[in-house]
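What follows is a single structure, written as structure tokens, with notes after it.
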Amino acid sequence: MRIRTILLPLALLLLPVMQGCKLMVYPCARAFGSPSESELKQCRAAFERLKAGRFTAQAVVYPAADPVGMRQDAYSGTAEVMAEQLLAKGWTNCLIATVAPQVKPLPLGHNQLRYAWNRAHAYSQWVRTARPVGDIHLFVEVMSPSEGKIIGIQCYVVDASGQVAYYRLLNSHFYGRNPPRTPEAACQLILKFMLYFLDQPPERTFPPYGVG
């Protein structure tokens with residue numbers, strides 16, 4: 001009887017979430033760094049446009065960047081590797097950028113979700129301001145301390161208007177004790193995720209109210 005007494009209030013508390021009422025946990029998602037639902041709706045619409053036009057749009061691929069130190073040419077050659085990977089998957093109109101865009105470095109901190117969205121917004125603002133040639137712009141960031149171990153990878157696709165159309169972060173929770181050993185391998189890994197999710201509904205990448 002005591003167990004039932006304990007479980008009943010818990011079940012009632014979880015019932016709205018179990019029924020899909022994500023509004024209940026929306027404030028928590030926002031507190032952890034997820035964008036507003038209004039922004040997520042715009043991202044989902046841009047994702048659908050990306051999904052529909054990816055094989056013919058002019059996709060500009062930038063060399064992977066170091067988001068913390070923003071070392072110039074830290075990962076030179078990665079744009080070519082990523083462009084080859086995309087071409088092999090049918091992205092027929094890839095353009096290789098010679099240098100990563102000039103966005104300000106940002107200390108990593110302790111909340112990678114908030115950090116990744118701050119970076120996404122930085123690239124979005126850069127596209128809006130610089131207006132580079134291209135229909136879509138692919139940015140990858142590789143976080144690697146001085147000893148060379150890769151501790152995180154982030155990927156963003158921004159359309160020509162500056163709207164974020166895709167976002168993904170990977171860290172040790174995803175690749176466990178077998179992190180990619182080189183920047184090129186890190187780029188290939190996160191692009192595999194992107195290519196997979198582009199065949200999924202937009203809610204897989206941008207879940208409603210940031211909960212999913």
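Quick notes on this one:
- If you take all other residues with their beta carbon under 15 Å from the beta carbon of residue 48, and give Lys and Arg +1 and Asp and Glu -1, the sum is +2.
- Solvent-accessible surface ranking, highest first, for 137, 121, 110, 173 at 1.4 angstrom: 110, 173, 121, 137
- FRET E, pair residue 199, residue 98, Förster distance 45 Å, beta-carbon r, rounded to 0.05: 0.90
- Taking Cβ atoms as reference points and 14 Å as the exclusive limit, the residues near residue 158 contribute a net charge of +2, counting Lys and Arg as +1 and Asp and Glu as -1.
- Heavy atoms of residue 39: accessible area, 1.4 Å probe, square angstrom to 10: 40
- Approximate spin-label separation residue 110-residue 89, in nm, with each point projected 7 Å along Cα-to-Cβ: 3.5
- Computed FRET value (nearest 0.05) for residue 55 with residue 181, which takes r as the C-beta separation and R₀ as 35 Å: 0.70
- Proximal lysines to residue 149, defined as alpha-carbon separation beneath 16 angstrom and excluding residues fewer than eight positions away on the same chain: none
- Net length gained if the chain between residue 42 and residue 161 were fully extended (0.36 nm per residue, minus Cα distance): 41.7 nm
- 5 Å-binned pair-distance histogram of the stretch 84-141 (Cα, whole percent): 4, 14, 25, 20, 16, 14, 6, 1
- For the stretch 132-192, relative contact order (Cα pairs under 8 Å, six or more residues apart, normalised by length) works out to 30 percent.
- You can think of it this way: the chain between residue 131 and residue 192 has 19.2 nm of extra reach, that is 0.36 nm per residue less the Cα-Cα gap.
The values are calculated or read from the model by the stated rules, or taken from the named source; none is laboratory data. This structure is a prediction, so every number in the text was calculated from the model and none was measured. A quick note on method: Cβ atoms are made from the backbone with ideal geometry, for glycine too, and the neighbour counts reach across all protein chains shown. Surface areas here come from the heavy atoms of the whole protein model, side chains and all, with no ligands, DNA or RNA. Shrake-Rupley method; radii C 1.70, N 1.55, O 1.52, S 1.80 Å.
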